[in-house]
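Computed from the coordinates by the stated procedures, all read-outs in this text should not be read as laboratory data. Not measured: the values here are computed from a predicted model. Every residue, glycine as well, gets a Cβ built from its backbone with ideal geometry; the counts of neighbours run over all protein chains shown.
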Amino acid sequence: MNTIIGAGAGSAGKISIKTQPLAKRLENRDTSFADRLSSAIGDVNSKQNIADKSIEDVISGKLGIQDGMLALQKADISLRLMIKVRGKVLDAYKEIMHMQI
């Protein structure tokens, strides 16, 4: 465990940072890329469903317009991010496929 001394953080200006070697961190990973991708898609879908529900709640008067718009923006940002990541993954795949062996 490493300690960094700085002003204003923690007790008496010390910040404790737990560090591990890269090999140890890689051993501790238990999720595959497919699991992470599935989790991210599920998260985006969940935010879209919450946004849909919040629209209904705003219309019925159960939820304020600010909270409804906040849910819509969260869903919009997460969907845009997922689309950007998908584009980057497809670009990387195309680049790999065009490599000569």
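Please report 74, 84 as a ranked list, fewest other C-beta atoms within 10 angstrom at the top and most at the bottom.
The fewest-first ordering by Cβ neighbours comes to 84, 74.
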**region 30-97 - charge dipole about Cα centre, Lys and Arg +1 at Cβ, Asp and Glu -1, debye rounded to 20** = 180 debye
**Item:** residue 24-residue 89 pseudo-label distance in nm [points 7 Å out on the Cα-to-Cβ vector]
**Value:** 3.2 nm
**Length added when fully stretched, residue 66-residue 40, from 0.36 nm per residue minus Cα-Cα** = 6.8 nm
**Fill in**
Hits in region 37-68: amide N under 15 Å from the 7 Å Cα→Cβ extension of residue 82, namely 37-53
